[in-house]
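Accompanying notes for the structure given below.
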Amino acid sequence: MYPSHSGNPCGVNQSLPLNPLSVAPLVVSPPSSPLTAPMPIAYSPSAAGEAMSTAKILEPFVCGGTAASFASCVIHPIDLAKVRMQIFGQLNPGKAPPSFPSIISRMVKTEGVGSIYKGLDAAIGRQMVYGTARIGLHRTFSDVLVKRNGGEPLSFGVKTLSGMASGATAVCIGTPFDIALVRLQSDGMAPVSERRNYKNVFDALMRTATEEGFGTLYAGLGPNILRGMSMNVGMLACYDQAKEFVGNLNSDPGCKKKSSQAGSACIAGFTAAAFSLPFDLVKSRLMAMQPLPSGEMPYSGIADCFGKILKNEGPLGLWAGFSAYYGRCAPHAMIILMSIETITEFYRSATGSGK
């Protein structure tokens, strides 16, 4: 029989001795409730859409900056020689600048093999800022303009405006790194007593700001903006236009063949160099100039720099170092414009933004 529960609300058989040590522990399982039961994770299409939209917006910036940084690592020795050829006329008035091979060979002999990569950290930092902005903004502006144009191709004039706007904006962001890059590259040409001996890009940025004032980080901003605008027009806008021309010649209307892309990139490299070299030359000299023995600066501004170059070196002086500059622009443009396709495919596969 079951024991009686009267007077024993707990229902314990009181006829059995109670030994605390011999009583098995009571395990109580709490009833399942909405508060303790595992909640299934709901899939939110809107959240996934927002993440994909963000990835799509960032695509031209991430892919463009990565391609630009990679290209700078490859062509850095050429860029270094280009800067030294431009500065040579300022340090050695009346003398013809040395050739590109002679500059490289002399650097290796006197400063070691590592000297041809001096300032690489500044070059990468500059491309992560300037390259990311100029390529990303140009593609973003172009996409918006194409949509407003009903999906039709843009005219060269509109492409030019997009390139100028994105180039000018990017320069305003990246000029401090450009200052550091030029100074790191040109420091080895100065007499030993006049060298700044920067340790790295951050040391160059900090010392320039503290020793010469924060505004020095934006020295040469005017010609740099003009250079950035002309570079973007020559490289990106002309590349888009060259693809149509080369694609038709190569029976490749969509310019999908690597040969068509390479030919278009070569044209874009030449136009970028021809358009931007005079401004790049003035920019380099304004950024690298030091006070004369009299205490005055060599140039008082953009117009003065242009005038003195024309007077002392002739009109062709504005295109000093064109061979090295073109040798830098063409490979740089080709590496960026061709590698960005592969980088974009990888980015879309990793983020799912291409689906």
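List of remarks:
- The range 205-355, accessible area per residue, ligands and nucleic acids excluded (1.4 Å, Å²): 46
- Shown for the range 155-272: the carbon plus sulfur share of the solvent-accessible area, taken with all protein chains present and a 1.4 angstrom probe, equals 66%.
- Averaged over its residues, the range 67-165 has an accessible area of 47 Å² per residue, based on protein heavy atoms and a 1.4 Å probe.
- Heavy atoms of Ile343: accessible area, 1.4 Å probe, square angstrom to 10: 40
- Residues Cys305, Cys172, ordered by accessible area of protein heavy atoms at a 1.4 angstrom probe radius and largest first, appear as Cys172, Cys305.
- The distance between label points at Leu292 and Thr210 comes to 3.2 nm (points 7 Å beyond Cα on the Cα→Cβ vector).
- Once you reduce the range 275-321 and the range 77-111 to the center of their Cα atoms, the two points are 16 Å from each other.
- Across all Cα pairs in the range 113-235, the calculated P(r) in 5 Å bins from zero up to the longest distance comes to 2, 11, 18, 18, 16, 11, 9, 6, 4, 3, 1, 0, 0 percent per bin.
- Sites Ile57 and Ser193, calculated FRET efficiency, Cβ-Cβ separation with R0 56 Å, nearest 0.05: 0.65
- Each label point was placed 7 Å from the Cα along the Cα-to-Cβ direction; for Lys109 and Leu316 their separation is 2.6 nm.
The values are calculated or read from the model by the stated rules, or taken from the named source; none is laboratory data. What you are looking at is a predicted structure, and each value in this text was computed from that prediction instead of being measured. Here the Cβ is made from the backbone with ideal geometry for all residues, glycine too, and neighbour counts use every protein chain on show. Remember, those area values only see protein heavy atoms, side chains included, never the ligands or the DNA or RNA. Shrake-Rupley method; radii C 1.70, N 1.55, O 1.52, S 1.80 Å.
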